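The values are calculated or read from the model by the stated rules, or taken from the named source; none is laboratory data. On a predicted model such as this, the values are computed, not experimentally measured, just so you know. Here the Cβ is made from the backbone with ideal geometry for all residues, glycine too, and neighbour counts use every protein chain on show.
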Amino acid sequence: MAISLDINGKTVSVEAAEDTPLLWVVRDSLGLTGTKYGCGVAQCGACTVHADGQPIRACSTPVGAMAGVKITTIEGLGGAHPVQQAWAKLDVPQCGYCQSGQIMSAVALLAETRTPSDEDIDAAMAGNICRCGAYQRVRAAIKEAAGIAQALPATATPEVSQ
Amino acid sequence: MTRHLRNLAEQAAGAVRQGASRREVVVGAVAVGGSLMVGCSMGDALSAGSKVKPGVFGPFIQIDPDGAVTVVSKHIEFGQGNHAGLAALVAEELDADWSRVKVVQAPANAKLYANLGMGAQGTGGSSAIPNSWEQLRKAGAGARAMFVQAAANRWQVAPGEITVKDGLVSHAGSGKAATFAELVADAAKVTPPEDPPLKDPKAFTLIGTQRVRRKDSVAKSNGSAVYTIDVKEPDLLTAMVLHAPRFGAELDSFDDAEARKVAGVRDVFKIPTGVAVVADNTWAAMKGREALTATWKEDKAEKRSSDALLTQFRDIAAGKGGDEVKWTPFVTQGDVASVTDGELFEATYDFPYLAHATMEPMNCVARVKGNNARLSFGSQIPSIDQLNTAKIVANLPGAIEIETLFAGGSFGRRANFQSDYVVECVHIAKKVGGGTPVKLVWTREDDMRAGYFRPLVHHAVQVRLDKDGFPASWRHRVVTQSIMKGSPMGTPKIDETAVEGALGSPYLKATPNVDAQLALPDVGVPVLWWRSVGATHTAFVMEHTIDQLARKAGKDPIAYRRALYQKAGAKRHLAVLDLAVEKAGPTAAAGYTRGVAVHESFGSVVAQIAEVRIAPGNEPRVGRVVTAVHCGTAVAPDQIAAQMEGGICYGLSAILFGEVTLKDGVVQETNFDTHRVLRMNEAPTVETYIVPSNDPPGGVGEPGTPVIGPAVANALLAMGRPATLSLPMVKAQA
């Protein structure tokens, strides 16, 4: 059936069964492949997108439930979002596959909590797995984007001892 | 790993050469002429049929008319950050403007893009920077010389008077200057020098500096980086495969009536590894596969449980394995039996199967038309993937085109002798035919159930201490499954992937009497290297044992190690230990207890001091890790730090939670709900310190991983807790 979606500020119509996970509509029908598949069961966070500003797992959200909801994917952040800039500045990504989801969770966190504590970051980001283990830089980049520069660990830059 | 892959590649090339006299020569004669395959080099054999040609500045450098420099990476980027370091090697000697250097992935060609440690094209063994160290600097220096000569010709001055900086070629005497853009057309016509001189390391302005940063962070932060799962083509089909529930089982029958009714399903057919469903999109393929039923012939399947396998391994180590067990010595010194007095230490250690669990499950895109195949995916060993594909489409290996994309992690999983998921995709694309692109997508469950795990391992250690408390004799038995026997080329005399790290240990060097042996029983579970390979268990056994020995001898574990390193002449071990101790400072953070470990792998030595507390649920939680690394010349210090940070998380995840169990041969952990991995709230803060060195670079992708486990176990010892003799530390709730 035809389903109307509000995605990244545009209204689009897609042909899909209502039980199709939003993830596959976003990726296969709309070609927005920045949102990734990692587990299919809302355990890893690689598919995180925003529904009316709230982070959701697109792999476990049926597209039929998205009527009238403003959906934002990584592509919808525009590329120059302060969180994306912080990610690039600190070279957060390694393989990078989870990073769209990490960034979407981080953006949602900062929209709610402008200067998050470490506990806030743990709570907001624990649903996003990074197998490369870039967690330290994810944390640092969230603080960078929040302007908590003094909280940046000195260890983001290694020291070649003299 | 590099060394082992070299053996493999050599034998593979031999197979190609032999094959040329039979089947391949028919196709090969058309493409390359039949005679080339006789007496040719490995690179020639594996690249036979390739249409890939180097550019005017060689295979590694392209320079656009606007002067922008593109470095062609022969190594895949799947997180290690090697593209930054590889590009820096070129840019340093080329004196290019680093801000205008890009990196692209090389096509598949074993001759142009061989890993010099393997002799075939491939990434692994933390070898990207080490094997490219001289090669890429020479490439950069050669291109620089072409620009200098072009400017000298144009300005009629001596080349020796010309300098290059940040892509600007200058002649101080005449005040003339020109950019790469202005000179590139002329430079392209200059004959490249045979052996261009390299800079004195003291003159480096880029290598070893914080300026060497990743080139892909923007693309990986805005969703534009293309991974295999992202490949888009107008007529692309998506495939999924129903696999057997047990390793070694074969398809008996299947019923596709319901699957074919699913909207979007195009075809359902048998392939060697199961039943393939080909559909218009991923969801249709998934639904179609769910609707399939199949029966399996299981007479040759592995039906044992991991518990039973571990019991068997323990029995073998204890000498109760029966007559068929074959022991292979890997270190023999003195006479262990002659040492009968002194305090006796005994311990056994059990290590579970480990899944790589890359964020991007295995996948591949293939197009097959007649004898031609073109693949797009995260190819870690293109030469092997070409060879395995060539066998299916009956072509020369070099004729198989591979476009290597970013991969969402590998940790060894994509370096597979059988090219398992690649071959599966090629079979499907061959059946579809016509060059139609087919994207094989594995779900997380497919990926976890497919095997190629870090093998199950058991170690048994007996040490007698001398009167000073140091090891006088060391008896060591390792029982595991051979990774190399998983190759189609047979088992080498000693499968070093099973013992590296014990083999070469400074502790064994410092022990007068050593009897270390390895047994490799056959198990029908596919196994593979997993980030740091043998060191994943040997580092744990050696480092945790040494802490227990120090405590038994009543000595400080750090002083105990220093004494043994002195004895073994292990200077780099001493250097990293000293640096880590110095940087860690005198005391741990309040509430935390420290443990230390030191291990050498892939040409680098790493020391880690981990500060550990016990979190609610009785789980170890690591706060701060001070890591010191000796990796020779530090090409990209920030990426070395990133690899230490990430490698520690990967190792920590495994020793805390990592475990794949089999029940009657069936994998029990199939997704992140049952296979726990490290998350943000459990990740430590890592400080990285690099020992300054002008030695050639060692690896950095793997050496950080195996050290954290024993460091944590040793912290638990320091808390007065028992030794960790079975992993993972945190067992899943039954």
Legend entry - Failed item in (1) within 12 Å of chain A (Cβ to nearest Cβ); (2) in a helix (DSSP H, G or I), with B:Leu656 passing the rest: (1)
Legend entry - Single residue of the stretch B:192-223 satisfying the filter (surrounded by fewer than 16 Cβ atoms within 10 Å (Cβ to Cβ) and free of Cβ contacts under 8 Å to residues at least 12 places away in the same chain) that is farthest from the other protein chains (Cβ to nearest Cβ): B:Glu194
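Residue-by-condition table, conditions (1) touching a helix residue (DSSP H, G or I) at 6+ places or on another chain (Cβ under 7 Å); (2) closer than 19 Å to B:Pro710 by Cα:
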residue	(1), (2)
B:Leu577	yes, yes
B:Lys583	no, no
B:Pro586	no, no
B:Ala589	no, no
B:Gly595	yes, yes
B:Val606	yes, yes
B:Ile609	yes, yes
B:Ile614	no, yes
Inset, instruction - Scan the stretch B:551-573 for residues that are without any contact (Cβ under 8 Å) to a residue 12 or more places away in the chain and assigned to a helix (DSSP H, G or I) and jot them down. - result: B:Ala559, B:Gln566, B:Lys571
Legend entry - Of the criteria (1) farther than 17 Å from B:Thr228 by Cα; (2) not assigned by TED's automatic domain parsing to the domain that holds B:Gly274, which one B:Asn395 fails: (2)
Inset, instruction - Please specify each residue of the stretch B:554-607 satisfying the condition of being at positive phi and among the small types (Gly, Ala, Ser). - result: B:Gly554, B:Gly569, B:Gly585, B:Gly591, B:Gly603
Inset, instruction - Go through (1) in contact (Cβ under 8 Å) with a residue 12 or more places away in the chain; (2) away from chain A (no Cβ under 14 Å) one by one and return the number of the condition B:Asn671 breaks. - result: (2)
Inset, instruction - Tell me which residues, restricted to the stretch B:96-122, are within 20 Å of B:Gly698 (Cα to Cα) and touching a strand residue (DSSP E or B) at 6+ places or on another chain (Cβ under 7 Å). - result: B:Ala114, B:Gln121, B:Gly122
Legend entry - Scan of the stretch B:468-523 for residues that are at pLDDT below 95 and at positive phi, ordered by number: B:Gly490
Inset, instruction - Answer yes or no as to whether B:Ala654 is among the small types (Gly, Ala, Ser) and under 23 Å from B:Glu582 (Cα atoms). - result: no
Inset, instruction - Please identify the pairs in which a residue from the stretch A:14-36 that is under 19 Å from B:Asn222 (Cα atoms) and at the interface with chain B (Cβ under 7 Å from one of its Cβ atoms) has its Cβ atom under 6 Å from the Cβ atom of a residue that is assigned to a helix (DSSP H, G or I) and among the acidic types (Asp, Glu), counting only partners at least 6 apart or on another chain. - result: A:Thr33/B:Asp230; A:Gly34/A:Glu75
Inset, instruction - Taking the options B:Val635, B:Val629, name whichever one is assigned by TED's automatic domain parsing to the domain that holds B:Val576, in contact (Cβ under 8 Å) with a residue 24 or more places away in the chain and part of a strand (DSSP E or B). - result: B:Val629
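Within the stretch B:680-698, which residues are within 22 Å of A:Cys130 (Cα to Cα) and either out of contact with any helix residue (DSSP H, G or I) (no Cβ under 9 Å at 6 or more places or on another chain) or small (Gly, Ala, Ser) (or both)?
Going residue by residue through the stretch B:680-698, those that are within 22 Å of A:Cys130 (Cα to Cα) are B:680-688.
Scanning the stretch B:680-698 gives a single hit, B:Ala683.
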Legend entry - From the options B:Val169, B:Val69, B:Val157, residue that is of a type outside the set (D, E, K, R) and surrounded by fewer than 24 Cβ atoms within 10 Å (Cβ to Cβ): B:Val157
Legend entry - Single residue of the stretch B:325-364 satisfying the filter (out of contact with any Phe, Trp or Tyr (no Cβ under 8 Å at 6 or more places or on another chain) and among the β-branched types (Val, Ile, Thr)) that is surrounded by the fewest Cβ atoms within 10 Å (Cβ to Cβ): B:Thr340
Legend entry - Looking only at the stretch B:622-663, and only at residues there that are closer than 23 Å to B:Thr358 by Cβ and among the polar types (S, T, N, Q), the one that is surrounded by the most Cβ atoms within 10 Å (Cβ to Cβ): B:Gln643
Inset, instruction - Mind listing whichever residues of the stretch A:82-101 are within 18 Å of A:Leu32 (Cβ to Cβ) and more than 9 Å from chain B (Cβ to nearest Cβ)? - result: A:Gly101
Legend entry - Flag for A:Ala111 being over 25 Å from A:Glu15 (Cα atoms) and within 12 Å of chain B (Cβ to nearest Cβ): no
